[in-house]
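These notes concern the structure reproduced below.
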Amino acid sequence: MTSPQEDRQRFTRRALLIGGVKAALFAGLGARMYQLQVLKGERYQMLADDNRVNVQFLAPRRGVILDRFGRPLALNRRTYRVLITPEAAKDLDAALDKLHAIVPIAPEERERILRQAGRNAKFVAVTTHEHLEWEAIARVSAHMPTLPGVDVVEISQRIYPEAAASAHPIGYVGPVAKEELTGAPVLSLPDLRIGKAGVERAHDLALRGVAAQSKVEVNAVGRVVRELERDPGASGETLVSTIDARLQQFVQNRMGEDTGGAVVMDVETGDVLALASNPSYDPNIFTQGLDEAAWTALSTDPAAPLNNKAIAGQYAPGSTFKMMVALAALETGVITPRKAFHCNGVHKLGAGRFHCWRRGGHGWVALHDAIAQSCDVFFYEISRKVGIDKIAEMSRRFGFGAPTGIDLPSESSGLMPTKDWKRARYKQAWHIGETLIAGIGQGFVLATPLQLAVMTARLANGGLAVEPRVLRMQGDAELATQAPRMDVAASHLAAIRDAMRGVMTDYEGTARKAQIPDRALRMGGKTGTSQVRRITREERRRGVIKNEDLPRKERDHSLFVGYAPLDRPRYACAVVVEHGGSGSQVAAPMARDILLEAQTRRSADWLKGAANDGARAEAPSHAPDAGSRLFRRRG
């Protein structure tokens, strides 16, 4: 049994121990409070403000795209969206019933609305309708007092006035895909649309603009209390393209039911005036909402309407390639313009026989007649002497074998083979017979319609290495371009142009029947017919098989390249008609109509139409100089 004195001592020790622990705890708490409030006060105040203040991004207004005369190709239209806030509606099902009586809601859409409302906070609005016309919005607005929780907001919808005619050069916009997210907050906005093809995609950042920012104060559950600050952002820039909307429409219509591609270029500037691919599609369907069935039908269509064949389609150029072989032969000294070879209809190489398109041959032909009459044997002879590597070297100067650099996405490079290329690709040596086939634009050689147009422009302008472009102005800035002169003899280019004139004007010229009647507007050109199948010896023995008697997929491609007018070239054109047959019968008349249309347009009519459409677009109009050389007729 302990004494009272020992009990008091034990209590005192325990009290002191407890007091010490409390003092230590209070000291630690004080130190922690000092650290939080004094040493790190600013940091935690900032974190608290971040929890209290949210930054909301608002999709910017997308810039418009105009044609070279101010006619709208892509613009924004005011449209409307209906929202419903479950918290304000109280009985969401009843509110949807009332709204359905005014503007119908499909059963699947109602399920989506209820599902989304169940996932979100009650104060978060849910979209019920989008892209409603004014009549429907007027009905909703008139019944707003009886529609609790329903609100109408104005939104912007992208529209394309030229529809299918401009789809491939201009492209379209769509929602941001998962793989396109870069971490930029604006890309997460549900209203944001970005470029998916054409100019819309190539110049998306300039068109997109800068998103507006709104700083708002929120409470603990995320409800907006008030707006603190707003940055208005900036609308996207206005882009003026090189496309001539009316010529583009004409070219697209002229192709009719034929599939393929066609390009019209200014030979002095490289401006692409028309770039058509057929079949096309209406880009407006992407901004109005495209269901899965419609997308599947469009993307699996065997005619490939989504493929821009003018820049991505790769075809054997056929006889349109013969100018490159001729230039290589002239430069290497293999021929002169007067050097002639005899064509008896077949060229023999060992046991191989390489046929001319004309049975019985052309007789003695030099450069002019060889191009004008498209003699295959002449080009078998000179290509064998020149060699594939020299042919490839010359061809690359004129745009073959690599992308042209046009400011559009998804351009194909074509193919210009060499000995090294085949060795690297197939681990095999190059054969002389392959050179002969390449000499008439067949075999491994592939080109896009745009590459053929670039080649033609460089031939027609006297050797300026113009590069194609579809953008003329960005905002108020004129995008100037200056082409360097190519290292090709002027006399050789003149000889080639003279032969291309002969294609259209000589008695035996392959496209004589397709010449423009007006002498002031006449054109030079070159026909091409490229095989998609090999003609067997048995078929040759039995005689010529008519192209129209073959299944469509086995018919020849029809090609033509040309420039106009003859005396002072300004326009270059390339046309490829898939499985169209004879180049002189199908592609040449089409190119004639296109070049005639390009030359005979009336600037006054265009400017009047462009001004009217520009006013409707609510976008700035960039009209051309009244003295624009584009419209002058050459005499």
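The values are calculated or read from the model by the stated rules, or taken from the named source; none is laboratory data. Fair warning: this is a prediction, and the values are worked out from it, not measured in the lab. All Cβ positions, glycine included, derive from the backbone under ideal geometry; neighbour counts span all protein chains shown. Note: areas computed on protein heavy atoms with side chains; ligands, DNA, RNA excluded. Shrake-Rupley method; radii C 1.70, N 1.55, O 1.52, S 1.80 Å.
Of the trypsin sites (Lys or Arg not before Pro) found in region 287-360, those in coil by DSSP whose Cβ has at most 10 other Cβ atoms within 10 Å are Arg338.
In this rough spin-label picture, where each label sits 7 Å from Cα along the Cβ direction, the Arg359-Glu108 distance is 5.9 nm.
Estimated at the nearest 10 Å², the accessible area of Met144 is 60 Å² with a 1.4 Å probe.
At 0.36 nm per residue, and after removing the present C-alpha to C-alpha distance, how many nm does the segment from Asp191 to Ala490 gain when stretched out fully?
Details: separation 299, 0.36 × 299 = 107.64 nm, distance 5.58 nm.
Answer, rounded to one decimal: 102.1 nm.
The calculated FRET efficiency for Asp593 paired with Asn307, based on their beta-carbon distance and R0 = 25 Å, is about 0.55. On a per residue basis, region 225-379 carries 40 Å² of accessible surface, using protein heavy atoms and a 1.4 Å probe. Across the cross-link table entries Lys322/Lys385; Lys390/Lys422; Lys339/Lys526; Lys322/Lys348; Lys90/Lys122; Lys422/Lys526, which are compared at the Cα atoms, the separations over 18 Å belong to Lys339/Lys526; Lys322/Lys348; Lys422/Lys526.
Once both labels are positioned 7 Å from their Cα atoms along Cα-to-Cβ, the gap between Ile432 and Glu508 label points is 2.7 nm. Sites listed here are GluC sites (Glu not before Pro) in region 101-193 whose DSSP assignment is loop and whose Cβ has at most 12 other Cβ atoms within 10 Å: Glu133. With the simple spin-label model, which puts each label point 7 Å out from Cα in the Cβ direction, the Lys22 to Ala351 separation comes to 11.3 nm.
Taking 0.36 nm per residue of sequence separation and subtracting the Cα-Cα distance, how much length would be gained by fully extending the chain between Glu478 and Lys90, in nm to one decimal? Intermediate results must be reported in sequence, preceding the final value.
Details: separation 388, 0.36 × 388 = 139.68 nm, distance 5.65 nm.
Difference between extended and current length: 134.0 nm.
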